[in-house]
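One structure is given here, and the rest of the page talks about it.
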Amino acid sequence: MSEERIFISCGRIELEGLIHTQEALSSRTGVIFCHPHPQYGGNMHNLVISSAVEAACEEGFSTLRFNFRGVGRSSGEYAEGVGEREDVAAVIGYFSSRLKDDRPLLIVLGYSFGAWAGLPLAVEDKRVFGTVAIAPPLEMYDFDFLKGCQKSKLFIAGDQDIFCPASRLEKWYQTLEEPKSMVIIPGADHFFFSHHRLLIQPLREFFRMIKSKAAGSELTTPN
C-alpha cells in the first residue's frame with residue numbers, strides 16, 4: 001500500500017493527510033480516519049489508526065487519514081473539538097472530490113476523541129454511509145448524537161477500557177437504531193496495547209458488508 005501526502009484547506013489552515021486510492025477499482029468507496037486526542041499524543045500514525053487503514057485497504061477501499069489542526073504538519077491549534085469538526089467536514093469534502101464517482105460512498109472511522117469529533121459530521125452528511133467508533137470515550141463525552149441514526153454502525157472496545165467501560169457501552173448500544181454491531185476485545189484497554197492487530201478482522205468484516213451493499217441494490221445513503 002502506498003499513500004500520497006496531501007494538504008487539505010480548511011478555512012485559513014491546512015491539514016496534513018495521507019491518501020491511498022484504489023486505482024484499479026471503481027473507487028466509489030472510501031474510509032476517513034480520525035485519530036485520538038491531539039493534546040495527548042494522538043496523530044494519524046497511531047497504531048490503532050494504522051491497523052484500521054490496513055484493514056480498509058485489504059478490502060479494496062480508498063483511504064484518507066489526516067492530522068487534526070495543530071498536529072504534525074497541520075497548521076492551526078487545538079480548538080476544543082469545535083474546530084476539529086470543521087476539519088472533518090473539510091476532509092469529507094476533499095475526499096469526495098477525489099473519488100471516481102459522482103455519488104461517493106464513505107465511512108467515517110474515529111478512535112476515542114476522533115469518534116466524538118468525527119461521527120457527528122458522519123451522521124449528518126449524505127455522502128457518508130457508515131460509521132465506526134473505536135473505544136468511544138463515553139465517560140468523557142456525550143455521544144447521544146448517534147441516537148436515531150439509521151446508518152450502518154460498528155463499535156469496538158476492550159473489556160479493560162476505563163474510558164469506555166464495556167458494561168456502559170453495551171447498555172448505551174441497546175438504545176441505538178439498527179443497523180449496528182459491536183465487538184468487545186478481551187484483555188484490551190483504551191489504548192489497545194498489544195491488541196491493536198485484533199481490530200483488523202472485525203473491521204474487515206464491516207468494510208466487506210458495506211462493499212456488498214454498495215455493489216448490490218442498497219445504494220441510497222440512509223438518514
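Just so you know, all these numbers are worked out from the coordinates, no wet-lab data involved. Everything numeric here is computed off the predicted structure, so don't read it as measured data. When we count neighbours, we look across all protein chains shown, and the Cβ atoms used for this are built from the backbone with ideal geometry, even at glycine.
Across region 60-68, computed HN-Hα scalar couplings (Karplus, 6.51 cos²θ - 1.76 cosθ + 1.60, θ = phi - 60°) run x, 8, 6, 9, 9, 10, 8, 9, 4 Hz from first to last residue, x flagging Gly and Pro. Counting Lys and Arg as +1 and Asp and Glu as -1 over every other residue whose Cβ lies under 14 Å from the Cβ of ALA157, the net charge comes to -1. Within region 4-215, DSSP assigns beta bridges of which about 30% are antiparallel (rounded to the nearest 5).
Would you work out the charge dipole size for the chain about its Cα centre, treating the Cβ of every Lys and Arg as +1 and the Cβ of every Asp and Glu as -1, and quote it to the nearest 20 debye? Before the final figure, lay out each step's value.
Numbers: 23 positive and 28 negative charges, 98 e Å.
So the magnitude is around 480 debye.
Put one equal scatterer on each alpha carbon of the chain, apply the Debye formula with no solvent term, and list log10 I(q)/I(0) at q = 0.12, 0.14, 0.15 1/Å to two decimals. Relative scattering, expressed as log10 I(q)/I(0), comes to -0.56, -0.79, -0.92. Separation of region 77-147 from region 1-52 is 12 Å, based on Cα centroids.
Each principal axis of the Cα cloud of region 71-194 was taken in turn, and the coordinate range along them, longest first, works out to 40, 34, 26 Å.
Of the options PHE68, VAL132, GLY114, report the single residue whose Cα projects farthest towards the positive end of the charge dipole of the chain (beta-carbon charges: Lys, Arg +1; Asp, Glu -1). About the Cα centre, the residue reaching furthest to the positive side is VAL132. Across region 10-21, rounded Karplus estimates of 3J(HN,Hα) from the backbone phi angles (6.51 cos²θ - 1.76 cosθ + 1.60, θ = phi - 60°) give 9, x, 8, 10, 10, 10, 7, x, 10, 10, 10, 10 Hz, Gly and Pro being marked x. Taking amide H as placed 1.01 Å from N in the peptide plane, the amide H of ILE185 sits under 5 Å from that of ALA157, GLY158, ASP159, each at least 5 places away or on another chain.
If the chain linking GLU58 and GLU4 were pulled fully straight, counting 0.36 nm for each residue of separation and taking away their Cα-Cα distance, it would gain 17.7 nm. The residues neighbouring LYS147, those whose beta-carbon lies less than 12 Å from its own, together hold a net charge of -1 under the Lys/Arg +1, Asp/Glu -1 convention.
Can you show me the helix-derived [θ] at 222 nm for the chain, built from DSSP H runs with n ≥ 4 at -39,500 (n - 2.57) apiece and divided by the number of residues, rounded to the nearest 500.
Values: 5 runs with 65 residues, N = 223.
Roughly -9000 deg cm²/dmol at 222 nm, from the helical runs in the chain.
Quick query: amide H of VAL31 versus all other amide H atoms, modeled in the peptide plane; which residues come in under 5 Å with a sequence gap of 5 or more or a different chain? Distant-sequence amide H within range of VAL31: SER62, THR63, LEU64, ILE107.
Could you check how many percent of all C-alpha pairs in region 146-194 are farther apart than 16 Å?
Numbers: 460 of 1176 pairs.
Above the 16 Å cut-off, region 146-194 has 39 percent of its Cα pairs.
Amide H to amide H, with H built 1.01 Å from N, SER152 comes under 5 Å of THR131, counting only residues 5 or more places away or on other chains. Across region 182-193, rounded Karplus estimates of 3J(HN,Hα) from the backbone phi angles (6.51 cos²θ - 1.76 cosθ + 1.60, θ = phi - 60°) give 9, 10, 10, 9, x, x, 8, 9, 5, 9, 6, 4 Hz, Gly and Pro being marked x.
If you take the square roots of the eigenvalues of the alpha-carbon gyration tensor of region 35-105 and sort them as a ≥ b ≥ c, do you get rounded (a/c under 1.5), prolate (a/b over b/c) or oblate?
Values: a/c = 2.75, a/b = 1.35, b/c = 2.04.
Judged from the Cα gyration tensor, region 35-105 comes out oblate (a/c at least 1.5, b/c at or above a/b).
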